[in-house]
Amino acid sequence: MHFAKVNPGVVLELIAQAETEITSFELWRNKIHSDACLLLARIKQERLDYATQIRNLDHEVRVLQEKSTEAERVAYMALVELDGALRLCEMANARILEAEERAEAAERRAESAEGWLEKVQAAITFELIDQPRERHGGE
């Protein structure tokens, strides 16, 4: 067998270089591991934050839905009340028209009554005042 001659200085130099590379690799691995752990911790915190935000937003959505439902109910009730008020106004207007018609009829009856009253007064005046003069004046 033939063995090559090995230079112990070169071997020691190679071993020292390997040790440096191994140390660098371990430092790099530890750095990567530390960064990965920090990243995982940050991701977990962000998940918790997002979950909290989602719960808060879900609560806000429910509150807004309740307010919207209440607003719809109030608007519906206002619409019902408005409809009732409009019906009352229509009924009041109809009664006003009826009252105006009755007032006009009453005015016509009053005018007619005044005409009859004037005729009756004229007849009474004629019978009581003018006719006795004619009777007495002619005798």
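Set Lys and Arg Cβ to +1 and Asp and Glu Cβ to -1, take the dipole of the chain about its Cα centre, and tell me which of Thr125, Val61, Ala78 lies farthest positive.
In the chain, that residue is Val61.
Where a Cα-Cα gap under 25 Å defines reach, which lysines qualify for Lys31, not counting those fewer than 8 residues away within the same chain?
The qualifying lysines are Lys44.
Label points 7 Å out from Cα along the Cβ direction at Cys37 and Arg62: separation in nm?
3.9
What lysines does Lys5 reach when the alpha-carbon gap must be under 24 Å and sequence neighbours fewer than 8 apart in one chain are set aside?
By straight Cα distance, Lys5 reaches no lysines at all.
Heavy-atom accessible area of Arg55 with all protein chains present, probe 1.4 Å, nearest 10 Å²?
Using a 1.4 Å probe on the heavy atoms, I get roughly 140 Å².
Top mean-square fluctuation among Glu104, Glu13, Glu90, Gaussian network model of the chain, C-alpha springs under 10 Å?
Glu13
Could you compute the FRET efficiency for Glu70 and Glu46, with r as their C-beta to C-beta distance and R0 at 30 Å, rounded to 0.05?
For Glu70 and Glu46, the calculated efficiency is 0.25.
In deg cm²/dmol and to the nearest 500, what is the mean residue ellipticity at 222 nm of the chain if only DSSP H runs of at least 4 residues count, each as -39500 (n - 2.57), divided by the residue total?
Result for the chain: -34500 deg cm²/dmol, rounded to the nearest 500.
May I ask you to give the percent of accessible area on the chain that is carbon plus sulfur, with a probe radius of 1.4 Å?
Answer for the chain is 62 percent, counting heavy atoms of protein chains only.
Measuring from label point to label point, each 7 Å out along Cα→Cβ, what is the Arg108 to Phe126 span in nm?
About 2.8 nm, to one decimal.
For the chain, what does the accessible surface come to per residue with a 1.4 Å probe? Please give it in Å².
94
The values are calculated or read from the model by the stated rules, or taken from the named source; none is laboratory data. Everything quoted here is computed from the prediction, not taken from an experiment. Here Cβ is always computed from backbone atoms with ideal geometry, including for glycine, and neighbour counts include all displayed protein chains. The accessibility values were calculated without ligands, DNA or RNA, using every heavy atom of the protein model including side chains. Shrake-Rupley method; radii C 1.70, N 1.55, O 1.52, S 1.80 Å.
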